[in-house]
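Written out below as structure tokens is the structure these notes cover.
The values are calculated or read from the model by the stated rules, or taken from the named source; none is laboratory data. Quick caveat: nothing in here was measured; it's all calculated off a predicted structure. Cβ placement follows ideal geometry from the backbone for every residue including glycine, while neighbour counts extend to all protein chains displayed. Ligands, DNA and RNA are stripped out before the accessible areas are found, and what is left, the full protein with its side chains, is counted by its heavy atoms. Shrake-Rupley method; radii C 1.70, N 1.55, O 1.52, S 1.80 Å.
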Amino acid sequence: MVTYPSLPQPDQHLIPISLSLNSPNPQNQRSFCGVTGASVKDAKKYLEKHKRIENAIDAYYNEGGGSSSSRTTPNGPDPATITQRLNQIYDTYKDSDGDEINVGGALKWCEDLDVDPEDIVLLPIAYELKSPTVGSFPRKPWVDGWKSLGCDSILSMQAALPKLRDKLANDPSYFTSVYNYTFEFAKTGAQRSIGVETAIAFWGLLIPHGLTGMALAHTSNGDKDDGGDASMATEQGWKPEFTPWWFEFLTTKGGKGVSKDTWTMFLDFVRTIDPNFQNHDYESAWPSSIDDFVTYVKEEKLGSS
């Protein structure tokens with residue numbers, strides 16, 4: 001199984017208040033009161049019931065704690081309050097010696113969200129939060145991204161995950177946006193391409209997930225709808241077994257890197273190729289690696305020419 005490129009594990013958690021708690025100690029009570037503005041009595045009550053400070057804070061807000069005319073509107077918390085809450089959550093995971101969530105904080109955040117760091121859902125999350133590279137989340141786009149998703153607590157973030165997973169699997173336009181973003185996300189520094197192993201790892205997440213819904217449904221370039229877009233065809237296109245064929249080809253014949261052109265056009269290729277690889281036009285402007293892959297499949301897998 002191809003997995004998301006593994007992130008290095010930190011030696012220890014960065015934020016002590018994120019550890020499991022057996023009882024509300026004074027430090028955690030002060031942290032709870034500092035975040036919520038609640039009384040010590042409320043801090044003890046919620047910490048005793050929920051143990052972990054993040055869960056206690058979420059429960060406090062979800063049960064109406066901290067509401068006042070200056071903090072809420074008839075439709076819920078005012079934007080300033082939501083921003084404040086998100087900044088407080090961000091502070092829990094940011095580096096202790098900086099103002100950005102990096103690998104250690106991202107792993108702790110995944111732990112609190114109860115999501116595997118190699119879960120496909122982290123790609124749409126990274127896209128929504130405008131993460132510039134793996135394991136890096138600057139503050140402003142992180143806060144703005146969660147606000148746009150309607151989230152201001154760990155619990156509401158958890159609730160957004162299945163929605164993003166489903167949208168990625170079934171919305172072709174959204175899948176394309178996340179897919180194209182992934183190339184820049186996966187690059188290292190000023191590189192113009194990404195390594196074959198890295199590309200395979202991300203394709204190994206994206207392509208199988210897209211095939212579970214309508215995101216990679218076969219399209220016919222020849223048939224246009226009234227808006228001029230390629231229409232969905234009923235014939236089957238890319239099959240799950242074609243993905244490892246592509247990986248095998250890249251590993252043995254595909255060179256050391258994948259260019260942005262190859263990355264981008266491979267998505268069009270997946271959506272338009274027929275199951276027998278007969279409709280591929282070698283005269284069109286496909287990258288040479290895709291032309292070579294079609295020849296490889298016909299000769300090595302399908303026994304045709």
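Modelled spin labels at Lys163 and Met214, positioned 7 Å past Cα toward Cβ, are 1.9 nm from each other. Near Glu100, the amide H atoms lying under 5 Å from its own belong to Asp95; only residues 5 or more places off or on other chains count, and H is placed 1.01 Å from N.
Below 14 angstrom from the Cβ of Arg139, what's the summed charge of the other residues (Lys, Arg +1; Asp, Glu -1)?
Working: positive: Arg85, Lys94, Lys130, Lys140, Lys147; negative: Asp91, Asp95, Asp99, Glu100, Asp144.
Once positives and negatives cancel, what remains is 0.
Can you give the charge dipole size of segment 87-138 about its Cα centre, rounded to the nearest 20 debye, using +1 on the beta carbon of Lys and Arg and -1 on the beta carbon of Asp and Glu? Write out the running numbers ahead of the final one.
On the way: 3 positive and 12 negative charges, 36 e Å.
Using Cβ point charges on Lys, Arg, Asp and Glu, segment 87-138 gives about 180 debye.
Counting only protein chains, not ligands or nucleic acids, how are Thr188, Thr133 ordered by accessible area (probe 1.4 Å), most first? Each step should come with its number before you reach the end.
Working: Thr188 90, Thr133 50 Å².
Putting Thr188, Thr133 in descending order of accessible area: Thr188, Thr133.
The solvent-accessible area of Glu300, taken with every protein chain present and a 1.4 Å probe, is close to 120 Å².
A simple rule links phi to the HN-Hα coupling: the Karplus curve 6.51 cos²θ - 1.76 cosθ + 1.60 with θ = phi - 60°, which for segment 111-125 gives 4, 6, 7, 6, 10, 5, x, 9, 6, 4, 5, 6, 6, x, 5 Hz, with x for Gly and Pro. Is segment 76-192 rounded, prolate or oblate when judged by the Cα gyration tensor, a ≥ b ≥ c being the square roots of its eigenvalues, rounded requiring a/c under 1.5 and prolate requiring a/b larger than b/c? Verdict is oblate for segment 76-192. Under a 5 Å amide H to amide H cut-off, with H placed in plane at 1.01 Å, what residues pair with Ser136 once short-range neighbours are removed? HN-HN under 5 Å from Ser136: empty list. Would segment 241-305 count as rounded, prolate or oblate if I go by the C-alpha gyration tensor, calling it rounded below 1.5 in a/c and otherwise prolate when a/b exceeds b/c, oblate otherwise? Note, shape of segment 241-305 comes out oblate.
Amide H contacts of Met214 (H built 1.01 Å from N, in plane; Pro and chain starts excluded): Asn170 sit under 5 Å, all sequence-distant by 5 or more or on other chains.
3J(HN,Hα) couplings calculated from phi for segment 149-155 with the Karplus curve 6.51 cos²θ - 1.76 cosθ + 1.60 (θ = phi - 60°) are, in sequence order, 8, x, 10, 9, 7, 4, 5 Hz; Gly and Pro show x.
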